[in-house]
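Please read the structure below before turning to the comments.
Rule-based calculations on the coordinates, nothing more; no lab input. Quick caveat, the model's predicted, so the values are computed rather than measured. Every residue, glycine among them, receives a Cβ derived from its backbone with ideal geometry; neighbour counts consider all protein chains shown.
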Amino acid sequence: MVYILGLNGSPRTYGNTYKLLKIALKASEKTGAETELINLYEYDIKDCIGCLTDEPLSCRYPCVIEDDMKAIYDKILKADGVIFATPIYWYAPSAIIKRVIDRLTALENMVFIDGRSWVEGKVAGIIAVGNDSGEIQLISLMYATLNSMGFIIPPFASSFFNQKDDVMDDEETLLEAANVGRSVTLMARLVKDFKNIWFDVKLKEWIPKVKSEVKKVIKDNREKIFRERIQVITKLMRE
């Protein structure tokens, strides 16, 4: 059985963000997952202080900051999939969701310590809710960031709602949220037994071997294009 973690980045446990996350997790359970929902505003999570800039290898698990993020780390490490649910604050996620993502660098940076990002291969879904626009920018930003850390983003892994109404009256959005839970669970099951690695640091040794081949192809292509352009220009001048 896979374990799907839901992170509620809204201070309202009665609002639309929370409601859609609950729907998503219920769909995860229907698809065969064990689930847990964490209200992040109940935790003390401090800002990242950028250890990575001073000494790259100092950014690692557990983070040097003493707060409740250690508990969040351990939940994420246990999880096969994580659904991030956030209100839309000025085209971006809530501050606490942003802090959590920033602090996940301590898990991602393990790639330079033991050869593997500790969130590599975990599946992510995103729920974004607000009274105004900005949902696509928010989701795009989070997709790019989470995928760069090693998270897998499956099809239909996002749902958004940008109205003031009660989302429980919007059947289409509820269906999308349910499919976030289902999609994340299905993908988590598919990759659970995957034993290989996604980001291979050993490719660094292989790159110099292929780099010369690529350079030669580029050089040949450039020369060919220049010759063709000269022929065209010459022909035009003769006319």
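In terms of modelled amide H atoms, which long-range or inter-chain residues lie less than 5 Å from the amide H of Gly6?
When sequence neighbours closer than 5 places are left aside, the close amide H contacts are Glu36, Leu37, Ile38, Ile83.
Checking the cross-link filter: which lysines have an alpha carbon closer than 27 Å to that of Lys224, excluding same-chain neighbours under 8 positions apart?
List returned: Lys209, Lys211, Lys215, Lys216, Lys235.
With a ≥ b ≥ c taken as the square roots of the eigenvalues of the C-alpha gyration tensor of the range 105-195, please select rounded if a/c is under 1.5 and otherwise prolate if a/b is larger than b/c or oblate if it is not?
Cα axes put the range 105-195 in the oblate bin.
Given Cβ point charges of +1 (Lys, Arg) and -1 (Asp, Glu) and nothing else, what value in debye, to the nearest 20, does the dipole of the range 3-191 about its Cα centre take?
Charge dipole, the range 3-191, about its Cα centre: 340 debye, nearest 20.
Could you work out the equivalent-ellipsoid semi-axes for the chain, taking the square root of 5 times each eigenvalue of the Cα gyration tensor, largest first, in whole Å?
40, 25, 19
Counting other C-beta atoms within 10 Å, which of Lys30, Lys204 has the fewest, and how do the rest follow?
On the way: Lys30 12, Lys204 8.
Ranked by crowding around the Cβ, least crowded first: Lys204, Lys30.
Can you compute the label reach from Lys204? Point 7 Å from Cα along the Cβ direction, backbone N cut-off under 18 Å, restricted to the range 140-163.
149-150, by backbone N distance to the label point.
Using the Cβ atoms and a cut-off under 11 Å, what net charge is assigned to the surroundings of Arg103, where Lys and Arg are +1 and Asp and Glu are -1?
-1
Mind checking the full-extension length gain between Ile65 and Ser140? Use 0.36 nm per residue of separation minus the Cα-Cα distance, one decimal, nm. Working shown, then result.
Working: separation 75, 0.36 × 75 = 27.00 nm, distance 2.86 nm.
Full extension from Ile65 to Ser140 adds 24.1 nm.
With a length cut of 20 Å (Cα positions projected on each helix's long axis) and a Kyte-Doolittle mean of at least 0.5, go through the chain and give me the DSSP H helices that pass.
Working: long enough: 16-30 (21 Å, -0.39); 135-149 (21 Å, 0.79); 171-191 (30 Å, 0.45); 203-238 (52 Å, -0.72).
Within the chain the helices that satisfy the rule are 135-149.
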